[in-house]
Amino acid sequence: MKKYFFPEQVALLPVIGRWFLLAILVGVLSGLASTLLFVSLDWATATRLRHPWLLYLLPVAGLGMGWIYYRHGQSVEAGNNLLIDEIHDAKRIIPKRMGPMILLSTVVTHLFGGSAGREGTAVQMSGALADHVAQWRRLRTEDRRILLMAGISAGFASIFGTPLAGAVFGLEVLAIGRMRYDAIFPCFVAAIVSEQIPAMFGIVHERYSVPLVPHASLLTLGAAVLAGIAFGIVGMLFANLTHGLGHWFKRHVRHAPLRPMIGGVLVATAAVLVGGDKYLGLGIPTIVQSFAQPLPFYDFLGKLGFTVLTLGSGFKGGEVTPLFYIGATLGNALGYVLPLPFPVLAALGFVAVFAGAANTPIASTIMAIELFGPQIGIYAGIACVLSYLFSGHAGIYRAQRVEHAKHALLPENRRLPEVTELRKARRQDDDAASE
């Protein structure tokens, strides 16, 4: 009788059960990997703060890390972009070495004073583990894509303590203008499970206080619009500078291990000359301060510069926590001129610069609600959407596809660098025609 009246629902039960078990497994593995990352980075940060002289060894650390990747890690050097490419166009198994190499190199970056984050590491570790599960279960190509997306969601959720944003991030980050709903159930399950694991080991995620969010008015909403535009432009600037510096190093420094060594010299020298200790590492204390007190207006530029030097020269680590820092301090600075409390603007910048740089406005809005409460939702939605639009067709993940352009007629299903080249060619053609 049930099969007669509910054939689709009955047939769905074993499918849901199978994905439920697979997603739980991916979530547990991802959560354990993120727990190891938390412990490792806490040790690295504490050790660097106790021994400031470690900063002077950053060039040596860069040389060693660059040599290891040159000899043994070229197949995994693309990092998050490798995961995104495999989801779009599956070609090969994610190498097992991805997880250990990105963990070790990220710890080295933080131990010796590089400016980087941790999201990229967590996502790569989780994606590699998810692919191992897919190979173990001999999943077909389409199911493997879904499990990789669940791994991305789980890694993001566990490292930031935001399960809903993490789930949506895994669905949204792949392509501009399209989300894959066929993976929504495993992404949500993996993210929710993964987020619980670090807490079992006593790890507490950072929490930020926004004491008062004003009622929406034309004045405050207008301030959110202006702030969102500024956040998008800065997100675009971060992505373009990081990729541009990386291309410059590849063109002018042929031997790959020398690139992070030179970058280490530049970062260490700049830190000594400008007293830039606050711009090194994750920068969590400064992010917390941006919600509590006015900060120097230039702090966001300092973190942007140090992170671009670190990542653009070849050091490993994530981009997202530095983007949180840049956004929160930029929002804090905008509190001097916009009619919103600076804790609110810091919160908006925290998520909106990331929304523009990663092209993930929905996940970023959900993250704001999870971190700061539902009362900030309207402002966060406006700021994240405007940031997404005004960041243009740029982004920190070069493997993202453009499924639907933001505000121009462009070819679909192209990677971001291809879209950039097409837009340049069109402008040149237009200029030639006008002449």
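The values are calculated or read from the model by the stated rules, or taken from the named source; none is laboratory data. Since this is a predicted model, take the numbers as computed values, not measurements. With ideal geometry, Cβ positions are generated from the backbone for all residues, glycine too; neighbour counts draw on all protein chains shown. With ligands, DNA and RNA removed, areas are computed over all heavy atoms of the protein, side chains included. Shrake-Rupley method; radii C 1.70, N 1.55, O 1.52, S 1.80 Å.
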Query raised in the report: Out of (1) of a type in the set (Phe, Trp, Tyr); (2) open to solvent by 60 Å² or more (accessible area, probe 1.4 Å); (3) in contact (Cβ under 8 Å) with a residue 40 or more places away in the chain, what's the single condition that is false for Phe297?
Result: (3)
Query raised in the report: Among the residues of the range 279-294, which ones are in contact (Cβ under 8 Å) with a residue 24 or more places away in the chain and under 22 Å from Leu49 (Cα atoms)?
Result: Tyr279, Leu280, Gly281, Leu282, Gly283, Ile284, Thr286, Ile287, Val288, Ser290
**Report entry** Scope the range 360-398; condition assigned to a helix (DSSP H, G or I) and among the polar types (S, T, N, Q); matching residues
**Finding:** Ser364, Thr365, Gln375, Ser387
Report task. Among what's in the range 231-288 and is over 19 Å from Gly318 (Cα atoms) and either in a loop (DSSP other than H, G, I, E, B) or touching a strand residue (DSSP E or B) at 6+ places or on another chain (Cβ under 8 Å) (or both), pick the residue that is most open to solvent (accessible area, probe 1.4 Å). Result -> Arg254
Query raised in the report: Does any residue of the range 163-177 turn out to be surrounded by fewer than 19 Cβ atoms within 10 Å (Cβ to Cβ), part of a helix (DSSP H, G or I) and at pLDDT 95 or above?
Result: yes
Query raised in the report: Quick check: anything in the range 86-99 at pLDDT 95 or above, more than 12 Å from Lys316 (Cβ to Cβ) and in contact with a strand residue (DSSP E or B) (Cβ under 9 Å, 6 or more places away or on another chain)?
Result: no
Report task. Would you check if Gly127 is surrounded by fewer than 24 Cβ atoms within 10 Å (Cβ to Cβ), over 22 Å from Val15 (Cβ atoms) and in contact with a Leu (Cβ under 9 Å, 6 or more places away or on another chain)? Result -> no
Requested in this report: Give the residue, chosen from Ile192, Ile146, that is assigned to a helix (DSSP H, G or I), under 23 Å from Arg401 (Cα atoms) and modelled with pLDDT of 95 or more.
Outcome: Ile146
Report task. Filter the range 330-341 for residues that are open to solvent by 20 Å² or more (accessible area, probe 1.4 Å) and within 24 Å of the chain's Cα centre (by Cα) and give the result. Result -> Leu334
Report summary line: Quick count over the range 18-32, residues being of a type outside the set (Lys, Arg) and open to solvent by 10 Å² or more (accessible area, probe 1.4 Å), is 9
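Here is a yes/no grid of residues against (1) surrounded by fewer than 17 Cβ atoms within 10 Å (Cβ to Cβ); (2) closer than 19 Å to Gly318 by Cα; (3) at pLDDT 95 or above; (4) among the hydroxyl-bearing types (Ser, Thr, Tyr):
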{"residue": "Ser34", "(1), (2), (3), (4)": "no, yes, yes, yes"}
{"residue": "Leu37", "(1), (2), (3), (4)": "no, yes, yes, no"}
{"residue": "Ser40", "(1), (2), (3), (4)": "no, yes, yes, yes"}
{"residue": "Thr47", "(1), (2), (3), (4)": "yes, no, yes, yes"}
{"residue": "His51", "(1), (2), (3), (4)": "yes, no, yes, no"}
{"residue": "Tyr56", "(1), (2), (3), (4)": "yes, no, yes, yes"}
{"residue": "Ala61", "(1), (2), (3), (4)": "no, yes, yes, no"}
{"residue": "Arg71", "(1), (2), (3), (4)": "yes, no, no, no"}
{"residue": "Gln74", "(1), (2), (3), (4)": "yes, yes, no, no"}
Query raised in the report: Would the range 358-368 turn up any residue that is among the β-branched types (Val, Ile, Thr), open to solvent by less than 10 Å² (accessible area, probe 1.4 Å), touching a residue at least 12 places away in the same chain (Cβ under 8 Å) and within 16 Å of Gly120 (Cβ to Cβ)?
Result: yes
